[in-house]
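Asker: Could you have a look at this structure, given as structure tokens, before my questions?
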Amino acid sequence: MKLVSYLQDGHDQLALLVNGLLYNAEALNPEMPGSMQLLLNYWEDYFPQLQALEKAIKNGNVGREKSLNPDQVHLLSPIPFPASCRDGYAFRQHVAAARRNRKVPMIPEFDQYPIFYFTNHHGIQGPGDILCMPDHFQKLDFELEAAIVICKHGRNIPAEEADSYIGGLMIMNDMSARTLQMEEMLLNLGPAKGKDFSTVLGPWLVTTDELEQYEVPAREGHTGKTWNLNMTCTVNGQQVSQGNLADMDWTFAEIIERCAYGVNLQPGEVIGSGTVGTGCFLELNGTGKLNDPGYQEQWLQPGDVVEMAIDGLGTLRNNIVAEETDFSILARKKKPVVS
């Protein structure tokens, strides 16, 4: 099942995407949830009812006159108001390439346990314009990822049980302002300002039952579901990145296990996979310069169109837009203290 959140009369609405059309669940049946958060809070009650509604639509028992065209509504992030947003670091290829490009060895701890960081859950958005400040354009980057959403309460969840806490998957673009990110991480804290302006999710949430055909075994020594889903990113129609979700070394189940250790997970919490190998300009530029000192770096610019596609999850499209201001926090840096 594909679940969509869209804006109507100033409120987020929940809809099913069936055969390319949107069907507002609550409008079809007042007993259905009117928003994604309500669905997630009562997932085990509502999910079977939504499956029955989807079946009725597919069988022709619900007329097309009750549908909406996705192009005629303002699509939001499938999870418009996440309870939190964590991002993992699950693709060894990306981590190893990034460290090789910095001429540092692969860190052995990567293979011992999964890690994550918290990003700004109020900076979540869906398809459409990404507003960027002048400092963001100092090495503005995309990151090609997938994400899950937690659909029931849990605490101290073992990886062997964690897949049942996943409501579905969606595409994630973890936007990154690299100059801001690299400067602040010199202080061994972050990422923060380099990441908090926009994290894109969408275009819809695909429930795990619809992805069963893509399931493949986890890597040796790992636990949890893995999906064979090809991932690509294009900028202005030119493909710049390609990978596969099955290349995750740490599964979402294992990441959930670590997230939930001593912590209550809530419905509506989003967890990203981390960047797939080749999934950002930072990695691509580093590899290019390592092989050719004259390599021309590429970063996102105002007016660029970024499209991410993942098999089974759809295509997420965003436009890079410059805010009309010259305000810069990089220009306000203090001079270093001389000791």
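Asker: Assuming Leu169 fulfils every condition listed in (1) touching a strand residue (DSSP E or B) at 6+ places or on another chain (Cβ under 9 Å); (2) more than 23 Å from Leu211 (Cβ to Cβ); (3) of a type in the set (A, V, I, L, M) apart from one, which condition is it?
Answerer: Leu169 satisfies all of (1) touching a strand residue (DSSP E or B) at 6+ places or on another chain (Cβ under 9 Å); (2) more than 23 Å from Leu211 (Cβ to Cβ); (3) of a type in the set (A, V, I, L, M) except (2).
Asker: Sort through Val240, Val206, Val200, Val270 and tell me the only one that's over 28 Å from Leu50 (Cβ atoms) and of a type in the set (A, V, I, L, M, F, W, C).
Answerer: It is Val240.
Asker: A follow-up question, please. Among the residues of segment 67-88, write down those that are within 13 Å of Gln125 (Cα to Cα) and of a type in the set (S, T, N, Q).
Answerer: Ser77
Asker: May I ask you to list the residues in segment 63-90 that are at pLDDT below 95 and under 18 Å from Gly202 (Cβ atoms)?
Answerer: Of everything in segment 63-90, those that are at pLDDT below 95 and under 18 Å from Gly202 (Cβ atoms) turn out to be Asp71, Gln72.
Asker: Given the residues His153, His121, which is the only one that is buried (at least 18 other Cβ atoms within 10 Å of the Cβ) and either at pLDDT 95 or above or not assigned by TED's automatic domain parsing to the domain that holds Gly274 (or both)?
Answerer: His121
Yes/no matrix, rows are residues, columns are (1) part of a loop (DSSP other than H, G, I, E, B); (2) under 18 Å from Phe197 (Cβ atoms); (3) small (Gly, Ala, Ser):
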site: Gly279; (1), (2), (3): yes, no, yes
site: Leu290; (1), (2), (3): no, no, no
site: Glu297; (1), (2), (3): yes, no, no
site: Arg317; (1), (2), (3): no, no, no
site: Ser328; (1), (2), (3): yes, yes, yes
site: Ala331; (1), (2), (3): no, yes, yes
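Asker: Could you list all residues from segment 150-176 that are touching a residue at least 60 places away in the same chain (Cβ under 8 Å) and under 20 Å from Arg317 (Cα atoms)?
Answerer: Matches in segment 150-176: Gly168, Leu169, Met170, Ile171, Met172, Asn173, Asp174, Ser176.
Asker: Among (1) touching a residue at least 60 places away in the same chain (Cβ under 8 Å); (2) among the acidic types (Asp, Glu); (3) outside any strand (DSSP E or B), which single condition is Glu145 missing?
Answerer: (3)
Asker: Among the residues of segment 286-320, which ones are surrounded by 14 or more Cβ atoms within 10 Å (Cβ to Cβ), among the β-branched types (Val, Ile, Thr) and under 21 Å from Gly237 (Cβ atoms)?
Answerer: Answer for segment 286-320, where residues must be surrounded by 14 or more Cβ atoms within 10 Å (Cβ to Cβ), among the β-branched types (Val, Ile, Thr) and under 21 Å from Gly237 (Cβ atoms): Val306, Ile310, Thr315, Ile320.
Asker: Considering each of Phe47, Phe91 in turn, give the residue that is over 25 Å from Gln125 (Cβ atoms), in contact with a strand residue (DSSP E or B) (Cβ under 9 Å, 6 or more places away or on another chain) and aromatic (Phe, Trp, Tyr).
Answerer: Phe47 is the lone residue from the list that is over 25 Å from Gln125 (Cβ atoms), in contact with a strand residue (DSSP E or B) (Cβ under 9 Å, 6 or more places away or on another chain) and aromatic (Phe, Trp, Tyr).
Asker: Filter segment 60-90 down to residues that are aliphatic (A, V, I, L, M) and not in a loop (DSSP other than H, G, I, E, B) and give me whichever is nearest to the chain's Cα centre (by Cα).
Answerer: Once the filter is applied, the top-ranked residue is Leu75.
Asker: A further question follows. For segment 211-225, give me each residue that is assigned to a loop (DSSP other than H, G, I, E, B) and among the hydrophobic types (A, V, I, L, M, F, W, C). Break it down into steps so the answer makes sense when it comes.
Answerer: Taking segment 211-225 and keeping what is assigned to a loop (DSSP other than H, G, I, E, B), we get 217-225.
Listed by number, the list holds a single entry, Ala218.
Asker: Moving to a separate point now. Return only the number of the condition from (1) in contact (Cβ under 8 Å) with a residue 40 or more places away in the chain; (2) closer than 27 Å to Tyr165 by Cβ; (3) touching a helix residue (DSSP H, G or I) at 6+ places or on another chain (Cβ under 9 Å) that Glu31 does not satisfy.
Answerer: The number of the failed condition is (1).
Asker: Would you be able to say whether some residue in segment 250-257 is surrounded by fewer than 18 Cβ atoms within 10 Å (Cβ to Cβ) and either among the aliphatic types (A, V, I, L, M) or assigned by TED's automatic domain parsing to the domain that holds Glu215 (or both)? Give the steps one after another, and end with the answer.
Answerer: Step one: of segment 250-257, the residues surrounded by fewer than 18 Cβ atoms within 10 Å (Cβ to Cβ) are none.
There is no residue in segment 250-257 that is surrounded by fewer than 18 Cβ atoms within 10 Å (Cβ to Cβ) and either among the aliphatic types (A, V, I, L, M) or assigned by TED's automatic domain parsing to the domain that holds Glu215 (or both).
Asker: If you don't mind, another one. Would you please name the residue that is nearest to Ser5 (Cα to Cα), looking only at residues in segment 176-203 that are among the hydrophobic types (A, V, I, L, M, F, W, C) and touching a Ser or Thr at 6+ places or on another chain (Cβ under 8 Å)? Break it down stepwise before answering.
Answerer: Step one: filter segment 176-203 for residues among the hydrophobic types (A, V, I, L, M, F, W, C), giving 177, 180, 182, 185-187, 189, 192, 197, 200-201.
Then drop every residue that is not touching a Ser or Thr at 6+ places or on another chain (Cβ under 8 Å), which leaves 200-201.
Numbers: Val200: 13, Leu201: 11 Å.
Only one residue fits best here, namely Leu201.
Asker: What about Tyr113, is it in contact with an Asp or Glu (Cβ under 8 Å, 6 or more places away or on another chain), outside any helix (DSSP H, G or I), surrounded by fewer than 18 Cβ atoms within 10 Å (Cβ to Cβ) and assigned by TED's automatic domain parsing to the domain that holds Met248?
Answerer: Spelling it out, it is not the case that Tyr113 is in contact with an Asp or Glu (Cβ under 8 Å, 6 or more places away or on another chain), outside any helix (DSSP H, G or I), surrounded by fewer than 18 Cβ atoms within 10 Å (Cβ to Cβ) and assigned by TED's automatic domain parsing to the domain that holds Met248.
Asker: So Gly194 clears everything in (1) surrounded by fewer than 19 Cβ atoms within 10 Å (Cβ to Cβ); (2) at pLDDT 95 or above; (3) farther than 30 Å from Asn19 by Cα except one condition, right? Which one?
Answerer: It fails just one condition, (1).
The values are calculated or read from the model by the stated rules, or taken from the named source; none is laboratory data. This one's a predicted model, so the numbers in the text were calculated from it and none came from an experiment. Backbone-built Cβ (ideal geometry, glycine too); neighbour counts: all protein chains shown.
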